[in-house]
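Visitor: Dumping the structure here so I can ask a few things about it.
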Amino acid sequence: MKIGLWLLFGVFVLIIVFLVGKVYLLRKSTQEIKNSIDDILTSDTNILISISSRDGQMQQLAHNLNTQLGLLRQERHRYQQGDTELKEAITNISHDLRTPLTAIYGYLDLLEGENKSESVQRYLDQIQNRTEVLKQLTEELFRYSLITSVQEISYEKLTLNRALEESLLSYYGAFKTRQIDPEIELPDSPIHRSLDPTALSRILGNILSNVIKYSDGDLKVSLRGDGKITFTNSAKKLSPVTVGRLFDRFYTVEDGRSSTGLGLSIAKILTERMEGYINAYYQDGNLTVVLYFPK
């Protein structure tokens, strides 16, 4: 009787050891698969997932993952190729548009010296206005293609207080034209960040341009001690849906037809490239844009 019990106990121990070993090998294979996927996704390598386990199910899982990763790699390369071609096309179109635009401006200048009726002058003013919009769109397209193509950022130690003040001063005339008297809150102590000065100036300028387009006549700018900058203005014609799409490429709200829809998109690209954060939300008829660069 005792021998039978000991034999049963021995079999039970063997089963437990077998199961523990099986679980260990499965966990090891799972970790190997995880590490391989991380390497493949971060380095864009052609290396396949390989595991040390001889378990048929785990081998089949690795095979299926390799198949899907191969398809994902193909789609990613196709997207990258298409994105590159799109940027090149935008650059070429921007260059091609400059030649006829120059000619149009030349003829408009010549027409300014001619005798014109009131209706003809009105038509010419409309042509001038539309030509300016086309010129702005061409320049924005060109800048967008450059910004999305160039990856290098030149970091310098900057003072956010000063950069924000300079950007606000540069838009003083535009604020006066729209009868906007900004309320500005800046901390007494300087807030330093390591950023690209040109990129930061571009980001702030695009945000302020957006304010001028959509503000109902007010603006509150606040820089907190942690470096977070908020721009708040009333914008009754916007909605949570339109605000949610303000950072989309080429998206413009109905009242912003003279804009290109690239300003905030460019600001987002540059902010994220410098490991910052930018977002917008809409509440109680007010639009708030938040810009933040962690220390």
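Visitor: Where a Cα-Cα gap under 22 Å defines reach, which lysines qualify for K220, not counting those fewer than 8 residues away within the same chain?
Guide: Those lysines meeting the cut-off are K176, K228, K236, K237, K268.
Visitor: With θ set to phi - 60° and the Karplus curve 6.51 cos²θ - 1.76 cosθ + 1.60, what are the ³J(HN,Hα) couplings of the range 108-118 in order, to the nearest whole Hz, using x for Gly and Pro?
Guide: With coefficients 6.51, -1.76 and 1.60, one gets 5, 4, 5, 5, 4, x, 8, 6, 9, 6, 5 Hz.
Visitor: So, by mean Cβ neighbours within 10 angstrom, what's the order for 52-64, 266-278, 130-142 with the highest one leading?
Guide: Details: 52-64: 13.1, 266-278: 18.5, 130-142: 15.8.
Going by the mean number of other Cβ atoms within 10 Å, highest first, we get 266-278, 130-142, 52-64.
Visitor: Now for a different question. Rounded to whole Å and ordered largest first, report the semi-axes of the equivalent ellipsoid of the chain derived from its Cα gyration tensor (root of 5λ). Mind showing how you got there, number by number?
Guide: Working: eigenvalues 682, 147, 61 Å².
Output for the chain: semi-axes of 58, 27, 17 Å.
Visitor: Using only alpha carbon positions, build the gyration tensor of the range 2-77, then give the equivalent ellipsoid semi-axes as the square roots of 5 times its eigenvalues, largest first, whole angstrom.
Guide: Working: eigenvalues 325, 21, 8 Å².
Sorted largest first and rounded, they come to 40, 10, 6 Å.
Visitor: Could you rank the peptides 200-206, 66-72 by their average count of other C-beta atoms within 10 Å per residue, with the highest value first?
Guide: Per-residue mean Cβ counts within 10 Å order the peptides as 200-206, 66-72.
Visitor: I've got another one for you. In degrees between 0 and 90, to the nearest 10, how far off the longest principal axis of the chain does helix 160-170 point, with axes built from Cα atoms?
Guide: Computed tilt is about 30 degrees.
Visitor: Using Cα atoms only, what is the angle between the long axis of helix 2-43 and the major principal axis of the chain, expressed in degrees (0 to 90) to the nearest 10?
Guide: For helix 2-43, the angle is close to 20 degrees.
Visitor: When the helix-only estimate is applied to the chain (DSSP H runs of n ≥ 4, each -39,500 (n - 2.57), divided by the residue count), what is the mean residue ellipticity at 222 nm, nearest 500 deg cm²/dmol? Can you show the working numbers first?
Guide: Working: 8 runs with 182 residues, N = 295.
Value at 222 nm, helices only, nearest 500: -21500 deg cm²/dmol.
Visitor: Along the Cα→Cβ direction, 7 angstrom out, place labels at K34 and D284. What is the inter-label distance in nm?
Guide: Here the answer is 4.5 nm between the modelled labels.
Visitor: So, one more: How do 30-39, 155-164 rank on mean C-beta neighbours within 10 Å, highest first? Mind showing how you got there, number by number?
Guide: Details: 30-39: 13.8, 155-164: 15.6.
Order by mean packing, descending: 155-164, 30-39.
Visitor: Can you tell me, using C-alpha contacts under 8 Å and at least 6 residues apart, the relative contact order of the chain as a whole percent? Display every interim value, and only then the final one.
Guide: On the way: 314 pairs, mean separation 38.2, N = 295.
Relative contact order comes out at 13 percent.
Visitor: Let me check I've understood the local charge: for E32, count other residues with C-beta under 14 angstrom from its C-beta, Lys and Arg +1, Asp and Glu -1. What total comes out? Walk me through the intermediate numbers first.
Guide: Values: positive: R27, K28, K34, R54; negative: D38, D39, D55.
In short, +1.
Visitor: Can you give the angle from 0 to 90° between the axis of helix 197-214 and the longest principal axis of the chain, with both taken from C-alpha atoms, to the nearest 10?
Guide: Between helix and principal axis, roughly 70 degrees.
Read the figures in this text as sums done on the coordinates, not as results from a lab. Keep in mind that this is a model prediction, so the values were computed, not measured. Positions of Cβ are generated from backbone atoms using ideal geometry, with glycine treated the same way; all protein chains shown enter the neighbour counts.
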